[in-house]
Amino acid sequence: MKYFIAADHAGIKIKEYVKELFVNKGHEVIDLGTNTNDRVDYPDFASKLCRELIKNEGSKGILICGTGLGMSMAANKFEGIRAALCHNEYSAQMAREHNDANVLCLGERVCGLGMINSIINSWESAKFQEGRHTKRVSKINALYMSCS
Ligand code: RB5
């Protein structure tokens, strides 16, 4: 799987940790920054990542900021992006199995490394269950058009 990953200045430590976890699981990981402690604006990085995801069909994304909130709000503005903010492994599993989430959002100031590790394992091993969930995800996708 091709993964894109990006963070603001409040998420760079987790970004490095998560990158290594995904590479060790055999995924291709493309780092879109930021890579320094200089303050940046999370919508810029959410936007950069979502644009890559839309260009690279079938790829997935990881966005990290202090809480994960700003990244998820910004990412969900993009058509075709289903970004899920997960603070525990159950949410990560459901985000994949029921919602077919294609972006995982994490909060460096919320979760410790142990929880991040569990979240990644759940996210990575869960698969979209299709069936009744397919219609619901299609309805999420259709909301974008009906709102504009
Ligand atoms: C940066 O201070 C912080 O606001 C940002 O990382 C994020 O938590 C926003 O949702």
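Relative to the compact-globule scaling 2.2 N^0.38 Å, provide the ratio for the alpha-carbon radius of gyration of the range 68-148. Let's see the in-between values first.
Values: Rg = 13.1 Å, N = 81, 2.2 N^0.38 = 11.7 Å.
Dividing the Cα Rg of the range 68-148 by 2.2 N^0.38 Å gives 1.12.
What do you reckon, how do ARG109, ARG132 stack up by accessible area (1.4 Å probe), largest on top?
Working: ARG109 180, ARG132 145 Å².
I get ARG109, ARG132, largest accessible area first.
Normalising by the residue count of the chain, find the relative contact order in percent from Cα pairs under 8 Å and 6+ residues apart. Mind showing how you got there, number by number?
Values: 272 pairs, mean separation 34.1, N = 148.
Once normalised by length, the contact order is 23 percent.
For GLY61, enumerate residues with amide H under 5 Å from its amide H, sequence gap 5+ or separate chain, H modeled in the peptide plane.
So GLY61 has HN proximity to PHE4, VAL103, LEU104.
I need the GluC sites (Glu not before Pro) found in the range 36-115, filtered to DSSP loop residues with at most 14 other beta carbons within 10 Å of theirs.
Working: sites: GLU52, GLU57, GLU79, GLU89, GLU97, GLU108; in loops: GLU57, GLU79, GLU108.
Filter output for the range 36-115: GLU57, GLU79.
Give me the 1.4 Å probe accessible area per residue for the chain, excluding ligands and nucleic acids, in Å².
Values: 7800 Å² over 148 residues.
Per residue, the chain has an accessible area of 53 Å².
Mind checking the alpha-carbon convex hull of the range 25-117 and giving the volume per residue in Å³?
Residue-normalised Cα hull volume stands at 107 Å³.
Could you check how much of the accessible area of the chain is carbon and sulfur, as a whole percent, using a 1.4 Å probe?
Numbers: 3920 of 7800 Å².
In the chain, the share of accessible area belonging to carbon and sulfur is 50 percent.
What residue among CYS105, ALA84, MET115 has its Cα farthest toward the positive end of the dipole of the range 78-148, where the charges are +1 on Lys, Arg and -1 on Asp, Glu, each on the Cβ?
So the residue we want is ALA84.
Please state the charge dipole magnitude for the chain, taken about the Cα centre, from unit charges on C-beta atoms (+1 on K and R, -1 on D and E), reported in debye and rounded to the nearest 20.
Working: 19 positive and 17 negative charges, 88 e Å.
It comes to approximately 420 debye.
The values are calculated or read from the model by the stated rules, or taken from the named source; none is laboratory data. Owing to the predicted nature of the structure, the values given are computational and were not obtained by experimental measurement. Neighbour counts run over all protein chains shown; Cβ positions are idealised from the backbone, glycine included. Just the protein is used for accessible areas: all its heavy atoms, side chains included, with ligands, DNA and RNA removed. Shrake-Rupley method; radii C 1.70, N 1.55, O 1.52, S 1.80 Å.
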